[in-house]
Amino acid sequence: MSFELYNTATRTQEEFIPLEAGKVGIYVCGVTVYDYCHIGHGRSAIVFDVLVRYLRTKGYQVTYVRNFTDIDDKIIDRARLTGKETGALAQEFIDAFYEDMGRLGVLQADVEPRATQHIDGMIDMIRVLLERGYAYAEGTDVYFSVQAYKGYGGLSGRKLGDMKAGSRIAVDEHKRHPMDFVLWKAAKPGEPQWSSPWGPGRPGWHLECSVMSNRYLGPTFDIHGGGKDLLFPHHENERAQSICANGGGFARYWVHNGFVTVESEKMSKSLGNFLTIRDALKEYHPEVLRLFLLSKHYRGPLDFSRSDVLGLQSGLVRIYRTLQRLEDLLGRSSETPAAPSSAPFTERFTEMMDDDLNTGGALGLIFEKVREINRVMDGLNGSPDEATGMALNSDRFQLLEAGRILGLFQGRPADFFAALTESAAPIDAQEIEGLIEQRALARSQKDWTTSDDIRDRLKGMGVVLEDGPKGTTWRLDV
């Protein structure tokens, strides 16, 4: 099948056909650098990292643009609170972004522009919007008129008449319509500011992505990505002002990843469940966290729970143990397989990825392949014959190629196990012993359902039970 993506703009899954044969332009909204990245940012970055990797694997020449918002109300407020300059604060968290994403195996984008580097371009776009009647000035502020653009609401599927200003939309008496949004805002005392024809101030948030995507990809490009939280108003506003100022169709495919919750609750600092990437990495190996963030389809919600993460850690351990067995049996992996890749696994993996980047399904195939490889090795009596050795080496190559696309299991097994031991999450031994006692009681009462449920719960915590004549012992699955 051809490669298909779900297009938010059309609300259908479509065959991906690039604007220019063999080339793909992608713009993804990056982070506002006023704080450390949380795991929701990590999911978005990893999803689009895999999309770029996969497109390149398919032979496309990809230009990947991901911006930094380095001037914003939140940055100004945080700088004022900490006594730092806004530029220094932004740089601090840009550096932290690279550190966190690097640990998660996220590749840098081809172009990583910052909003403050494109102020002149934003002023130019505002001029064009004013000249074409899509914007109006109120004193030293400039607004986009949503009523002037008949296509407003087309991306998010909202009707202008039904929209009201609320918690996400600033209420401003100077607006002609409640949904009009600011293009240029007058400077307040002590805030960073730039000169403009309308007075000193700074651009509105939505404007930066329109200017930078046009600068690096042109007025029409292939894919625009980001989290679902950006669909409205940010992406709706981006699309409107871009089409009105630049002409063209702006983004042809809109791709949005789903939210991450923590223990079924939306992340919130007030709830105390706001989980940054660096805090998560204190407890879990980076590759375990990446595997977890790819374990469900990117468009759906993903609930972060300790038991689920540890369950996937056990799965990753099994993969690396298999790779270690292959290394012991066949030696280190080479760049090319000793035999041509057999079709079934590669074809099925490609089908999953072609089906709207179904990483969850692709991972299921990988675990299935690992079980198959282990069955072959378990059946060996000594060293494999030449044909079996070549087949196993080919299987390993296919496994590693799939992992390369997903950004997984590219290191040596020994290095993974050493790092996993260092980053292992703390285990409550008393809790484990209590669960084992409950299981023993259930087994004595022949309550096999409860017994199995407890075993599965412990397995999700990364605990392996070993039943013997003297009772049950346990160990960590590392």
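Find all pairs meeting these conditions: Cβ atoms under 6 angstrom apart; at least six residues apart or on different chains; first residue within the stretch 51-77 and under 25 Å from A402 (Cα atoms); second residue aromatic (F, W, Y).
V52/Y64; V65/Y27; V65/Y216
Quick check on the stretch 132-142. Is at least one of its residues in the same structural domain as D70 (by TED's automatic domain parsing) and assigned to a helix (DSSP H, G or I)?
no
For residues in the stretch 108-130 being surrounded by 15 or more Cβ atoms within 10 Å (Cβ to Cβ) and under 17 Å from the mean Cα position of the chain (by Cα), which is farthest from E208 (Cα to Cα)?
This residue is A109.
For the stretch 184-222, enumerate the residues that are closer than 28 Å to D110 by Cβ and part of a strand (DSSP E or B).
W194, R202, P203, T220, F221, D222, listed by residue number.
Going through the stretch 369-396 one residue at a time, which ones are among the basic types (K, R) and more than 20 Å from Q410 (Cβ to Cβ)?
Matches in the stretch 369-396: R371, R375.
Just to verify a result, which residue in the stretch 424-467, among those that are loosely packed, with under 14 Cβ neighbours inside 10 Å and modelled with pLDDT under 75, is farthest from Y320 (Cα to Cα)?
Among those that are loosely packed, with under 14 Cβ neighbours inside 10 Å and modelled with pLDDT under 75, it is Q430.
Could you look through the stretch 148-181, keep only residues that are of a type in the set (D, E, K, R) and either within 23 Å of P203 (Cβ to Cβ) or outside any loop (DSSP other than H, G, I, E, B) (or both), and pick out the one that is modelled with the highest pLDDT?
Checked the stretch 148-181; the qualifying residue modelled with the highest pLDDT is D180.
The values are calculated or read from the model by the stated rules, or taken from the named source; none is laboratory data. This is a predicted model, so every value here is computed, not measured. Cβ coordinates were reconstructed from backbone atoms using ideal geometry, including for glycine residues, and neighbour counts include every protein chain displayed.
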